[in-house]
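Enquirer: A single structure is presented below for examination.
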Amino acid sequence: TIANESVKLTCAIEAKERRCVKVFDIPGAFLQSDLDEHVIMVFRGHLAELMAEVNPKLYRKYIILTKKGEKLLYVKLHKAVYGLLRASLIFYKKMVADLTADGFTLNPYDPCVANKMINGKQMTIGWHVDDC
């Protein structure tokens, strides 16, 4: 997440240079990132049944019952999801890879700020993850 100092400094620079500023959100940011490890998640009770209702052909046959009669559904994750400890790191790595592939350079003082010269003008991107 971008440091408070970086936000203040980039705001001051943007104001001084009269830069155009845009703010945007990446919907489902974590879901944009492929997992880099094997992760199994379990749905219990009503959530397991709900998954089977959403796609019976895919999930119904995998629902099992515990000794107490609770329904369980184990699924393998392919994408990072909210709450997964590595989700922020995986998203960060993807963001950096995408930005550097597009010619941006990470700021050496704040790893959540990237810059690129475009037509003789500097473009700055700063980001934070608030999905955790």
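Enquirer: For Leu77, only one of the following conditions fails: (1) surrounded by 12 or more Cβ atoms within 10 Å (Cβ to Cβ); (2) at positive phi. What is its number?
Expert: (2)
Enquirer: Considering Leu72, Leu84, Leu89, which residue is part of a helix (DSSP H, G or I), of a type outside the set (Asp, Glu) and either free of Cβ contacts under 8 Å to residues at least 60 places away in the same chain or open to solvent by less than 80 Å² (accessible area, probe 1.4 Å) (or both)?
Expert: Being part of a helix (DSSP H, G or I), of a type outside the set (Asp, Glu) and either free of Cβ contacts under 8 Å to residues at least 60 places away in the same chain or open to solvent by less than 80 Å² (accessible area, probe 1.4 Å) (or both) holds for just one of Leu72, Leu84, Leu89, which is Leu89.
Enquirer: Could you check, for region 38-49, whether at least one of its residues is within 26 Å of Val129 (Cα to Cα) and touching a residue at least 40 places away in the same chain (Cβ under 8 Å)?
Expert: yes
Enquirer: Scan region 94-110 for residues that are surrounded by 13 or more Cβ atoms within 10 Å (Cβ to Cβ), free of Cβ contacts under 8 Å to residues at least 60 places away in the same chain and of a type outside the set (A, V, I, L, M, F, W, C) and jot them down.
Expert: Thr100 - this is the single residue of region 94-110 that is surrounded by 13 or more Cβ atoms within 10 Å (Cβ to Cβ), free of Cβ contacts under 8 Å to residues at least 60 places away in the same chain and of a type outside the set (A, V, I, L, M, F, W, C).
Enquirer: Of all residues being open to solvent by less than 80 Å² (accessible area, probe 1.4 Å) and within 18 Å of the chain's Cα centre (by Cα) in region 5-36, which is modelled with the highest pLDDT? Just the residue, please.
Expert: Taking the candidates together, the pick is Leu35.
Enquirer: If you don't mind, another one. Check region 100-116 and report whether any residue there is of a type outside the set (Val, Ile, Thr) and part of a helix (DSSP H, G or I).
Expert: Within region 100-116 (the criterion being of a type outside the set (Val, Ile, Thr) and part of a helix (DSSP H, G or I)), the answer is yes, since at least one residue qualifies.
The values are calculated or read from the model by the stated rules, or taken from the named source; none is laboratory data. Since we're looking at a predicted model, the values are computed, not measured. All Cβ positions, even for glycine, are placed from backbone atoms using ideal geometry, and neighbour counts span all protein chains on display. We work out accessible area using only protein heavy atoms, side chains counted, and drop any ligands, DNA or RNA first. Shrake-Rupley method; radii C 1.70, N 1.55, O 1.52, S 1.80 Å.
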